[in-house]
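Novice: One structure follows; several queries about it will come next.
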Amino acid sequence: MVEARDMLPLQKVEKGCILSMAGDVTVGFKVLLPEIFSLSDSDYGRFHAAWVRAIRVLPQHSVLHKQDWFLEDSFRADFSQERSFLSASSERFFNERPFLEHSCYLYLTKKPSGRKLSSSLLSNVLRTSIVPR
């Protein structure tokens, strides 16, 4: 009988790294990005150039995966502090208003150099079984 853990592509998580059955090593990071539309044109250009430079220095057989999560949340005002009329009005106006909470994660994967290239066609469609032999 084949168990579910035998079918998963992950071997184990060790020292903050994800090790796959195929020999890939993945490290994940949480990234703090500036709020949307808060950068000037020149700042955005520098920010983009920094990403491009970071991607170019990655070693061969590396994979970069950027994942953005948007979760619904609502603003919670703080009425415990003494505020000016405008600040208090702003707190009341935005209290319990919905917004999207953004989280960004970056995953760097290093593949073994001798492994054959894989494609979804060969790995999923043409296989006789989803369970490895």
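Novice: Accessible area per residue of region 1-77 at 1.4 Å probe, in Å²?
Specialist: On the way: 6680 Å² over 77 residues.
About 87 Å² of surface per residue is accessible.
Novice: Still on this structure, please answer the following. With the radius of gyration and the Kirkwood radius both derived from the Cα set of region 16-64, what is their ratio Rg to Rh?
Specialist: Numbers: Rg = 15.0 Å, Rh = 13.5 Å.
Dividing the radius of gyration by the Kirkwood radius yields 1.11.
Novice: Please calculate how many Å² of accessible area region 78-118 carries per residue, with a 1.4 Å probe and no DNA, RNA or ligand atoms counted. Please list the in-between numbers first.
Specialist: On the way: 3450 Å² over 41 residues.
It amounts to 84 Å² per residue over region 78-118.
Novice: Mind checking which lysines have their C-alpha under 29 Å from K30, skipping anything on the same chain fewer than 8 residues away?
Specialist: Here the lysines satisfying the reach criterion relative to K30 are K12, K15, K66, K110, K111.
Novice: Now a separate question. Roughly speaking, what is the centre-to-centre gap between region 12-78 and region 82-101 when only Cα atoms are used, to the nearest Å?
Specialist: Using only Cα atoms to place each centre, the spacing works out to 31 Å.
Novice: Let me ask another. When the accessible area of region 36-106 is split by element with a 1.4 Å probe, what percent falls to carbon and sulfur? Please report the intermediate quantities before stating the final value.
Specialist: Working: 3570 of 6160 Å².
Of the solvent-accessible surface of region 36-106, carbon and sulfur hold 58 percent.
The values are calculated or read from the model by the stated rules, or taken from the named source; none is laboratory data. Small disclaimer: the values here were computed from a predicted structure and weren't measured. With ligands, DNA and RNA removed, areas are computed over all heavy atoms of the protein, side chains included. Shrake-Rupley method; radii C 1.70, N 1.55, O 1.52, S 1.80 Å.
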